[in-house]
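Everything below concerns the one structure shown next.
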Amino acid sequence: MQGLQLNDVYKSYGETQALNGISFQVAPGEILALLGPSGCGKSTALALIAGLEAPDRGAITWDEHDLSGVPTHLRGFGLMFQDYALFPHLDAFENVAFGLRMARLPQEQVARRVNEVLELVGLAGFGRREVQALSGGEQQRVALARSLAPRPRLLMLDEPLGSLDRALRERLVSDVRQILRQMRQTAIYVTHDQEEAFALADRVAVMNAGRVEQSGDPQQIYRQPVNVFVARFLGLSNLMAGEVRLVDSRPVAFLPIGQAPAPGMSPGKATFLLRPDAALLDGSGTLQLAGQVVELSFRGNLCRVVVSAHGLELSFDFLSSAPLPTEGQPIQLSFDPTQALQAFS
Ligand code: ADP
């Protein structure tokens, strides 16, 4: 296996088990997002990969070579943090040149490479600007250029956009993706923001309590979360306890909101997810749900409708352009169970 591989890696700090048997890989040219709540071990994983800390157990390899004896500066990896700490007394050019000068590259090569990456991040002609005279987004681009300049074989970005406002972050996410793609840069992008992870990564690894719960391409993870943790973390919160029973030898889901055919599901108790994007307003689904609209919130092209039914609060997303229900009014929704229902045992 080419690229980076973590195999059953453990790391504890005193009583805290920061990494608990984590395994994942990053193929050459791939952008992997490590997605998980604060404290799940994302930064610890990066510190181990960078060689700033050593694992208690487990292997970290690059192109199948064990990295355990390799010091940080010989790993050829780059890091970019949220607190990117540009040197305030240097201009943009010198900030980007820093690593190249440390590597004692000849002057003309430094100049060529710095100008190349400044152009790549959309800052051609900004080289002689003082970094304090740059906007937050521009400073972020300088930091990205600085980490790309030495051509790291792996670039690790730890919540790099965390300190920026939402609009700027959204714009930079797609720029960063484009820049990394263009350079075919192998990268790990750490974030607790699922939208950022989905927008940026080729593959997402959802972490919880020091290990990976699920990894796959963004669409696959969103369509098929493997357990309640992943579903909840992705905001798929319409979860309810139920049971699959055989009726006339066919599996049927018995839910607080009614019964539905459950083809392929095994009998037994389970937690069910009712997908927020699968509610139908035209009554065409076989699973019917009558409730009361308790809240309506617009999110641009989508509108989230919170419905109270059978003692549950359930959220559904509709296109804002659709005819929408009114707050406080009764509502009748229906679902195609094969699209709308998922069970976690
Ligand atoms: P994340 O990056 O996902 O927020 P971290 O890797 O920073 O998570 O932390 C994982 C766990 O390890 C947390 O409980 C954190 O408090 C703990 N931890 C991380 N670094 C240290 C450290 N140097 N000393 C003690 N505990 C640490």
What are the principal axis extents of the Cα atoms in region 39-152, in Å, biggest first?
-> 47, 35, 22
Per residue of the chain, what 222 nm ellipticity follows from adding -39500 (n - 2.57) for every DSSP H run with n ≥ 4, rounded to the nearest 500?
-> -7500 deg cm²/dmol
Simple spin-label estimate for D277/A111, 7 Å along Cα→Cβ, in nm, reads 5.1
To the nearest 20 debye, the chain has a Cα-centred charge dipole, built from +1 on Lys and Arg Cβ and -1 on Asp and Glu Cβ, of 540
Hey, what did region 224-345 get for relative contact order, percent, Cα under 8 Å, at least 6 apart?
-> 28
For region 5-64, the Rg and Dmax computed from alpha carbons only, in angstrom | 11.3, 37
Can you work out ³J(HN,Hα) from phi for every residue in region 85-96, in order, using Karplus 6.51 cos²θ - 1.76 cosθ + 1.60 and θ = phi - 60°, giving whole Hz and x for Gly and Pro?
-> 6, 5, 6, x, 8, 10, 7, 4, 4, 5, 4, 5
Mean projection area, nm², convex hull over Cα of region 123-184 = 4.6
How large is ³J(HN,Hα) for each residue in region 12-17, as worked out from phi by the Karplus curve 6.51 cos²θ - 1.76 cosθ + 1.60 (θ = phi - 60°), to whole Hz, x for Gly and Pro?
-> 10, 10, x, 7, 7, 8
Report the charge-dipole magnitude of region 50-112 in Debye, nearest 20, computed about the Cα centre from +1 at each Lys and Arg Cβ and -1 at each Asp and Glu Cβ.
-> 200
Under the rule rounded for a/c under 1.5, else prolate if a/b exceeds b/c, else oblate, using alpha carbon gyration tensor axes a ≥ b ≥ c, region 196-332 is classed as oblate
Relative contact order (percent) for the chain, with alpha-carbon contacts under 8 angstrom and 6 or more residues of separation?
-> 16
Applying the Karplus parametrisation 6.51 cos²θ - 1.76 cosθ + 1.60 with θ = phi - 60° to the phi angles of region 193-206, what ³J(HN,Hα) value in whole Hz is obtained for each residue in order, glycine and proline being reported as x?
-> 9, 5, 5, 5, 4, 5, 6, 9, 9, 6, 9, 10, 10, 8
About the Cα centre of region 192-345, what is the dipole size in debye to 20, counting +1 per Lys and Arg Cβ and -1 per Asp and Glu Cβ, all else neutral?
-> 420
Label-point gap, in nm, between E295 and S266 - each point 7 angstrom along Cα→Cβ = 3.7
Dimensions of region 262-345 along principal axes (Cα, Å, largest first)?
-> 38, 24, 22
Residues whose modelled amide H sits under 5 Å from the amide H of F81, counting only those 5 or more places away in sequence or on another chain, are D158
Sites E15 and T326, calculated FRET efficiency, Cβ-Cβ separation with R0 41 Å, nearest 0.05 = 0.20
Where Rh is the Kirkwood radius over the Cα pairs of the chain, the temperature 4 °C and the viscosity 1.567 mPa s, what D in µm²/s does Stokes-Einstein return?
-> 57
For H310, H65, H192, ascending order of other Cβ atoms within 10 Å (fewest first) is H65, H310, H192
Net charge of neighbours whose Cβ lies under 14 Å from the Cβ of P325, counting Lys and Arg as +1 and Asp and Glu as -1 | -3
Does region 159-220 come out rounded, prolate or oblate, given a ≥ b ≥ c as the square roots of the eigenvalues of its C-alpha gyration tensor, rounded meaning a/c under 1.5 and, failing that, prolate meaning a/b above b/c?
-> oblate
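Taken together, the values in this text are just the output of simple stated rules run on the coordinates, not laboratory data. Because the structure is a prediction, the values reported are computed rather than measured. Cβ sites come from the backbone with ideal geometry, for glycine too, and all protein chains shown count toward neighbours.
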